[in-house]
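Below is one structure, written out as structure tokens, with a few remarks after it.
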Amino acid sequence: MFLDYDGTLAPFRENRREATPYPGVREILEKILESGVCRVVLISGRWTKDLPPLLGLKKLPEIWGSHGLERLFPNGRYEVAALSEEEIRGLAEADGLITEAGLGRHSEQKPGCRALHWRGLDKNARDRLISRIEEKLAPLARKTGLVLKEFDGGLELRAPGRDKGDAVQTVLTEEGPGAACAYLGDDLTDEDAFKALGGRGLGILVREQWRPTAASAWLQPPWELIRFLERWAEVCTGAQGKGPKQEERKKGEITPSA
């Protein structure tokens, strides 16, 4: 099971350090992990070190951070992709530009990436911030080969060549053909992962409002997300409980995306 974090397992918060999972998610993930029959892989744009405290799990899943640039194994082993000298210089220059422009309070440093957040700002303030970010960082991206990409709630300047789809492809290659899998995500950055499934698994958009997507199904959080995870846990633990009531089934069913 592939899982995005923010917007998927946890609601967005203006203070990203307060973005804990929806009630019930932690307990269900514990059951799936304890079953030992499902490989759980978290793939996030966050720095890997930020996620364990937010998850609060007794047993950690595999975590890919910074859009696939980092990999933290359940046993604590850590890997991070190497950056070129030009990319390192570009990110260092970006730090200076961000500070000079007074954007430091909106910025977040991650391996191979600098993110600038506008969640919580009104439309006028957000538009002004976007204009300042693009004015400062777009020329730098063109000069250094770094990529300036939008995500839900901000813009990121990051090293090219690795994305969430690469993480999915790596794990699927390790698992081999025939593995049953699903990827749950909400953001535009999850589209690379949906496409990387290549028909080998179920891509699920987890979002209150539907949007055009490469995913093949749509769940609205938190209720439909909880029901899906509960059913996955039942399979993992071999539960043979009675089926949900008709009204619960209607609420929890997966809605195919257009």
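The values are calculated or read from the model by the stated rules, or taken from the named source; none is laboratory data. Quick caveat, the model's predicted, so the values are computed rather than measured. Glycine also receives a Cβ, built like all others from the backbone with ideal geometry; neighbour counts cover every protein chain displayed. Please note that ligands, DNA and RNA were not included when accessible areas were found on the heavy atoms of the full protein model with its side chains. Shrake-Rupley method; radii C 1.70, N 1.55, O 1.52, S 1.80 Å.
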Review point. Of all residues in region 98-135 being of a type in the set (Ser, Thr, Tyr) and in contact with a Ser or Thr (Cβ under 9 Å, 6 or more places away or on another chain), which is nearest to Glu18 (Cα to Cα)?
Key: Ser107
Practice item. Go through region 22-46 and give me each residue that's more than 23 Å from Gln169 (Cβ to Cβ), in contact (Cβ under 8 Å) with a residue 24 or more places away in the chain and either open to solvent by 20 Å² or more (accessible area, probe 1.4 Å) or charged (D, E, K, R) (or both). Key: Tyr22, Pro23, Gly24, Arg26, Glu30, Lys31, Glu34, Ser35
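Just a yes or no: is a residue in region 178-185 in a helix (DSSP H, G or I) and open to solvent by 50 Å² or more (accessible area, probe 1.4 Å)? Explain how you work it out, then say what you get.
Applying the first criterion (in a helix (DSSP H, G or I)) to region 178-185 yields none.
No, region 178-185 has no match at all.
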Review point. If only one of Lys49, Lys59 is surrounded by fewer than 18 Cβ atoms within 10 Å (Cβ to Cβ), in a loop (DSSP other than H, G, I, E, B) and free of Cβ contacts under 8 Å to residues at least 40 places away in the same chain, which one is it?
Key: Lys59
Exercise for review: Of all residues in region 62-78, count the ones that are without any contact (Cβ under 8 Å) to a residue 24 or more places away in the chain and either of a type in the set (Ser, Thr, Tyr) or open to solvent by 30 Å² or more (accessible area, probe 1.4 Å) (or both).
Suggested key: 5
Practice item. Check region 91-101 and report whether any residue there is under 22 Å from Asn15 (Cβ atoms) and exposed (fewer than 13 other Cβ atoms within 10 Å of the Cβ). Key: yes
Review point. Is it the case that Ala115 is in contact (Cβ under 8 Å) with a residue 12 or more places away in the chain, surrounded by 18 or more Cβ atoms within 10 Å (Cβ to Cβ) and in contact with an Asp or Glu (Cβ under 8 Å, 6 or more places away or on another chain)?
Key: yes
**Study point:** Odd one out for Leu188, checked against (1) buried (at least 19 other Cβ atoms within 10 Å of the Cβ); (2) of a type in the set (A, V, I, L, M, F, W, C); (3) at pLDDT below 95
**Key:** (1)
Practice item. Kindly indicate the residue of region 141-166 that is open to solvent by less than 50 Å² (accessible area, probe 1.4 Å) and small (Gly, Ala, Ser) and also nearest to Leu129 (Cα to Cα) among those meeting that condition. Key: Gly154
Practice item. Sort out which residues of region 1-21 are assigned to a loop (DSSP other than H, G, I, E, B), within 28 Å of Leu172 (Cα to Cα) and among the aliphatic types (A, V, I, L, M), and write them in order of number. Key: Met1, Leu9
Practice item. Quickly run through region 102-112 and pick out the residues that are surrounded by fewer than 15 Cβ atoms within 10 Å (Cβ to Cβ) and closer than 17 Å to Val147 by Cβ. Key: Gln109
Review point. Out of (1) open to solvent by 60 Å² or more (accessible area, probe 1.4 Å); (2) without any contact (Cβ under 8 Å) to a residue 24 or more places away in the chain; (3) part of a helix (DSSP H, G or I), what's the single condition that is false for Gln169?
Key: (2)
Check your understanding: Would it be correct to say that Arg227 is out of contact with any Phe, Trp or Tyr (no Cβ under 8 Å at 6 or more places or on another chain), closer than 29 Å to Ala115 by Cβ and open to solvent by less than 70 Å² (accessible area, probe 1.4 Å)?
Key -> no
Exercise for review: Residue by residue through region 203-217, note down the ones that are surrounded by fewer than 20 Cβ atoms within 10 Å (Cβ to Cβ) and either within 15 Å of Gly7 (Cβ to Cβ) or of a type outside the set (A, V, I, L, M) (or both).
Suggested key: Glu208, Gln209, Trp210, Arg211, Pro212, Ser216
